[in-house]
Amino acid sequence: MSVYALCGGGTAGHITPLIAVYEQLLALDPSAQFVVIGTEGGRERELLSSALDDVLAVPRLPFPRKLTGYAVSFVPRWIRAVLTLAKTLRQRRVEAVVGFGGYTAAPAYLAAWIARIPLVVHEANALPGMANRLASLLTPHVAVCFPGTPLRHARVVGMPLRRAIVEARGVSTSQARQHFGLSTRKPLLLVTGGSTGAQSINRTVEACRTDLVQSGWQVLHLIGRDNEVHRDNPRGFVSLGYTDRMDLALAAADLVISRAGAATVSELEVMGKPSVFVPYHVGNGEQQKNAAHAVAEGGAMVVSNSQFTPQWVRDELLALMADSPRRESMAKAMSRLGVRDGAYQVAAMARDAVGRG
């Protein structure tokens with residue numbers, strides 16, 4: 001019986017691959033035990049199943065950016081958190097720490113190194129975060145989602161995806177569309193900005209509702225759980241705040257507009273869906289880099305947040321929607337890129353690390 005500590009950073013982008021690897025490790029070793037290293041106030045308890053309710057809470061200690069009172073107290077507090085966690089990992093007889101980046105990751109990685117516990121890390125983004133850059137100096141067990149990710153020891157394994165997404169490719173388009181009350185005959189454009197939505201994408205798509213449905217298509221628009229759902233949509237344009245069946249939404253689609261988070265890009269590749277990526281424009285540009293491989297291979301196109309306007313939709317998107325051969329070519333390219341066994345590969349790395357001690 002092996003004991004694994006899983007570290008997912010407190011956000012959905014880190015916790016989703018954590019869950020996928022947990023599912024795969026449990027399938028490979030039903031007797032395995034798990035503890036989650038999480039942030040105080042993070043989303044772990046909200047997103048994890050009851051089977052993963054053993055959470056070690058680590059203080060949220062973001063690195064200071066300027067010299068303040070917090071910066072002065074940061075170092076001793078951070079060292080104390082690392083040493084406490086290392087002691088706890090030893091007491092819990094953890095045999096491998098598997099991390100996915102995020103706020104919690106850096107102290108967890110150092111605690112594993114201090115406790116001489118094998119460390120396995122997965123980097124989802126093409127541009128790695130600071131914690132996983134540190135981890136690549138501490139362990140040879142480094143998995144990445146995209147080719148060219150600049151980390152030592154990087155091995156491309158794709159994104160650990162949950163079984164529901166991996167298996168959704170076998171769901172018929174008709175069955176998936178019926179779930180949302182959509183026509184089984186008309187092609188479908190899926191628009192999503194993630195669980196919280198993307199305001200700029202929403203505004204542009206809502207301004208073009210009539211143009212989109214008059215083109216002969218139907219639209220499933222996921223606007224975000226906290227946004228107001230419009231009731232005056234034209235026939236064939238369906239707005240939802242949120243769906244817990246994203247697998248069916250993807251299976252139903254002929255073309256997708258979305259942000260370019262690593263998980264989203266990977267899911268669309270696995271599903272073989274031609275895509276228009278509108279990368280999130282705030283931050284270090286990681287979403288642009290996440291989309292680059294799919295664009296280079298001809299499976300997707302990128303439009304900047306500022307250029308994604310109603311005029312662009314009418315000039316460029318409607319032309320793509322009318323070009324069936326181009327979309328078929330994009331779909332084939334995305335399918336070639338899709339990696340379906342990312343969760344298995346990370347789980348296998350963890351088991352191998354335990355075996356090596």
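The values are calculated or read from the model by the stated rules, or taken from the named source; none is laboratory data. Predicted model only: the values in this text are computed from it and were never measured. Quick reminder, even Gly has a Cβ in these numbers, built from the backbone with ideal geometry, and neighbours come from all protein chains shown.
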Next item on the list: Scan segment 127-161 for residues that are in a loop (DSSP other than H, G, I, E, B), touching a strand residue (DSSP E or B) at 6+ places or on another chain (Cβ under 8 Å) and of a type in the set (A, V, I, L, M, F, W, C) and jot them down.
Entry: 145, 146, 151, 157
Note to self: If residue 318 meets every condition in (1) within 18 Å of residue 202 (Cα to Cα); (2) over 25 Å from the mean Cα position of the chain (by Cα); (3) free of Cβ contacts under 8 Å to residues at least 40 places away in the same chain apart from one, which number is that one?
What the structure shows: (3)
Item checked: Odd one out for residue 97 among (1) under 18 Å from residue 343 (Cα atoms); (2) out of contact with any Cys (no Cβ under 8 Å at 6 or more places or on another chain); (3) of a type in the set (A, V, I, L, M) -> (2)
Item checked: Extreme residue, modelled with the highest pLDDT, among residues of segment 191-203 that are touching a helix residue (DSSP H, G or I) at 6+ places or on another chain (Cβ under 9 Å) and buried (at least 22 other Cβ atoms within 10 Å of the Cβ) -> 191
Margin query: All but one of (1) surrounded by 15 or more Cβ atoms within 10 Å (Cβ to Cβ); (2) over 17 Å from the mean Cα position of the chain (by Cα); (3) under 30 Å from residue 94 (Cα atoms) hold for residue 344; state the number of the condition that does not hold.
Written below: (2)
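Per-residue answers, yes or no, for (1) touching a helix residue (DSSP H, G or I) at 6+ places or on another chain (Cβ under 9 Å); (2) surrounded by 15 or more Cβ atoms within 10 Å (Cβ to Cβ); (3) closer than 26 Å to residue 197 by Cα:
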{"position": "301", "(1), (2), (3)": "yes, yes, yes"}
{"position": "304", "(1), (2), (3)": "yes, no, yes"}
{"position": "321", "(1), (2), (3)": "yes, yes, yes"}
{"position": "328", "(1), (2), (3)": "no, no, no"}
{"position": "336", "(1), (2), (3)": "yes, no, no"}
Notebook entry, point to check: With respect to the numbered conditions (1) surrounded by 14 or more Cβ atoms within 10 Å (Cβ to Cβ); (2) of a type in the set (D, E, K, R); (3) farther than 30 Å from residue 345 by Cα, which one is the sole condition not fulfilled by residue 65?
Noted result: (1)
Margin query: Can you tell me which condition residue 171 does not meet? The list is (1) of a type outside the set (S, T, N, Q); (2) closer than 21 Å to residue 353 by Cβ; (3) touching a Leu at 6+ places or on another chain (Cβ under 9 Å), and all the others hold.
Written below: (2)
Margin query: One residue is enough: does segment 223-245 have a residue meeting the conditions modelled with pLDDT of 95 or more, in the same structural domain as residue 197 (by TED's automatic domain parsing), assigned to a strand (DSSP E or B) and closer than 25 Å to residue 126 by Cβ?
Written below: no
Checklist line | Unique residue being over 19 Å from the mean Cα position of the chain (by Cα), in the same structural domain as residue 276 (by TED's automatic domain parsing) and in a loop (DSSP other than H, G, I, E, B) when the list is 203, 177, 185 | finding: 185
Note to self: With the structure loaded, tell me whether residue 167 is part of a helix (DSSP H, G or I), of a type in the set (Asp, Glu) and surrounded by fewer than 16 Cβ atoms within 10 Å (Cβ to Cβ) or whether it fails that test.
What the structure shows: yes
Notebook entry, point to check: Can you tell me which of 188, 161 is farther than 24 Å from residue 343 by Cα and either buried (at least 16 other Cβ atoms within 10 Å of the Cβ) or among the charged types (D, E, K, R) (or both)?
Noted result: 188
Margin query: Among the residues in segment 128-142, are any modelled with pLDDT under 95 and in contact with a Ser or Thr (Cβ under 8 Å, 6 or more places away or on another chain)?
Written below: yes
Next item on the list: Confirm whether residue 251 is assigned by TED's automatic domain parsing to the domain that holds residue 136, surrounded by 15 or more Cβ atoms within 10 Å (Cβ to Cβ) and touching a Ser or Thr at 6+ places or on another chain (Cβ under 8 Å).
Entry: no
Notebook entry, point to check: Can you name every residue in segment 174-207 that is among the hydroxyl-bearing types (Ser, Thr, Tyr) and touching a residue at least 12 places away in the same chain (Cβ under 8 Å)?
Noted result: 183, 192, 195, 196, 200, 204
Checklist line | Criterion violated by residue 182 - all others in (1) farther than 10 Å from residue 252 by Cβ; (2) buried (at least 18 other Cβ atoms within 10 Å of the Cβ); (3) hydrophobic (A, V, I, L, M, F, W, C) satisfied | finding: (1)
